[in-house]
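To keep things clear, I will list the structure first and then write my remarks on it.
Where a number appears in this text, it was derived from the coordinates with a stated rule and is not lab data. Since we're looking at a predicted model, the values are computed, not measured. Glycine gets a Cβ as well: all are built from the backbone with ideal geometry, and neighbour counts include every protein chain shown.
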Amino acid sequence: MTDASSLPERAFKMLRKSPTQFARAIKSRTLLKIQASLMVPASRSGFLASLYFTFFSKRFYREHRAVLAGIVACRHADIAQLDSYSPFRRNVHRLEKALVMRPRRPSFAERYIGETVAQFARACGSRIDARELGWACDVLTEYFAVVQDTPRIAAARRRFEELDLPRKTGNAIPYPLAELRGSGIAFDDLRQLFVERRSVRWFEQRPVPAELIEKAIEAASLAPTACNRLPYRFDVLIDPAQAAEVAHLAGGTAGYAENIPCLIVIVGDLSCYVEERDRHLIYIDGSLAAMQLMLAFETLGLSSVPINWPDVGSREAGMAKALGLAYHERPIMLIGVGYGDPDGMIPFSQKKPVSVLMKIHD
């Protein structure tokens, strides 16, 4: 039996005050030691890693369930009841990419063209935006104009030609790069925009105009995204009290959460995918859009601060309750936005040099 005098003073006091609490602490410490000893062998095998997280950590449970919930929601979705349908957008974009291939095969997209036409037919009677339907109609029209028929393609062509096509625009098809006029923005000007974009935590207490938020979000929507699915949305909180309440959920906002006049939560939608391999795309695509959003705000005279979102169960539950999120909808990050206080301080935040960030492979 261990001599009490050899125990650390704090542990000895705990033992005298509450033997039960002391036993729990010892058990917890023992468990941590076991976990640490198992991490190395578990890291060498996918099977052992799965066992490790099954018995020693529940932190991936939410992700596992959310991915499955998203797949189920995607497979059971009715395109006629939606404002946008990710598998349909993906298929139309796949056609676009096939149309620009060099060299382009005489027959292509045979495997999914029937499905795409069926989706389009169903979408024509839905709430889907007319511009999205016009884009799909133009791409399908161009596809059937250049593709060589096979039995499957011919069947899809017949079904497409039977449809009423009032939404055709004729100009939402692939086009030569030469048609782009160029941005006209010099590198030094662009770099200066990056320099001026700082994480601002102190704002003037005045509302952010809705029209500026809309302009910035429209610009953010132009960010690249896998198969043009845009698997995210922007939940905008314009009430400062609500913005502060939700900002506190993120952690790391103590001391300035109440100063944020407007908060944007970027929410990823896992129902945009039918394969678990795509589960990380909401974070990739959402982050690309987030950066463009913050740069757009900068050009509109607004400052912003990106706020990291932790994978913590209680905080996820709080966010789901605050925004009414489905289980397959995951917070990606938060962005505070407003008119920056000129007297507010900002961190210098030295960046890593290019010599550290770049690795050239000969």
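Laid out as a table, the results:
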{"item": "The stretch 288-319, subset surrounded by 16 or more Cβ atoms within 10 Å (Cβ to Cβ) and out of contact with any helix residue (DSSP H, G or I) (no Cβ under 8 Å at 6 or more places or on another chain), residue nearest to GLU214 (Cα to Cα)", "result": "MET294"}
{"item": "Only listed residue being in contact with a strand residue (DSSP E or B) (Cβ under 8 Å, 6 or more places away or on another chain) and not small (Gly, Ala, Ser), chosen from ASP343, ASP285, ASP278, ASP311", "result": "ASP285"}
{"item": "Among the candidates ARG197, ARG206, ARG181, residue that is under 21 Å from ALA296 (Cα atoms), touching a Phe, Trp or Tyr at 6+ places or on another chain (Cβ under 9 Å) and loosely packed, with under 14 Cβ neighbours inside 10 Å", "result": "ARG206"}
{"item": "Of all residues in the stretch 108-166 being part of a helix (DSSP H, G or I) and hydroxyl-bearing (Ser, Thr, Tyr), the one that is nearest to ILE79 (Cα to Cα)", "result": "THR116"}
{"item": "First in the stretch 327-349 and among the aliphatic types (A, V, I, L, M), second anywhere and part of a loop (DSSP other than H, G, I, E, B), Cβ under 7 Å, 6 or more apart", "result": "ILE332/TRP309; MET333/TRP309; LEU334/TRP309; VAL337/VAL208; VAL337/LEU302; ILE346/ARG198; ILE346/VAL200"}
{"item": "Residue under evaluation LYS97, criteria (1) touching a residue at least 24 places away in the same chain (Cβ under 8 Å); (2) among the basic types (Lys, Arg); (3) surrounded by 12 or more Cβ atoms within 10 Å (Cβ to Cβ), criterion not met", "result": "(1)"}
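Table: residues versus (1) touching a Gly at 6+ places or on another chain (Cβ under 8 Å); (2) over 30 Å from ASP78 (Cβ atoms); (3) not small (Gly, Ala, Ser).
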{"residue": "GLY251", "(1), (2), (3)": "no, yes, no"}
{"residue": "CYS262", "(1), (2), (3)": "yes, yes, yes"}
{"residue": "TYR273", "(1), (2), (3)": "yes, no, yes"}
{"residue": "GLY286", "(1), (2), (3)": "yes, no, no"}
{"residue": "MET291", "(1), (2), (3)": "no, yes, yes"}
{"residue": "THR299", "(1), (2), (3)": "no, yes, yes"}
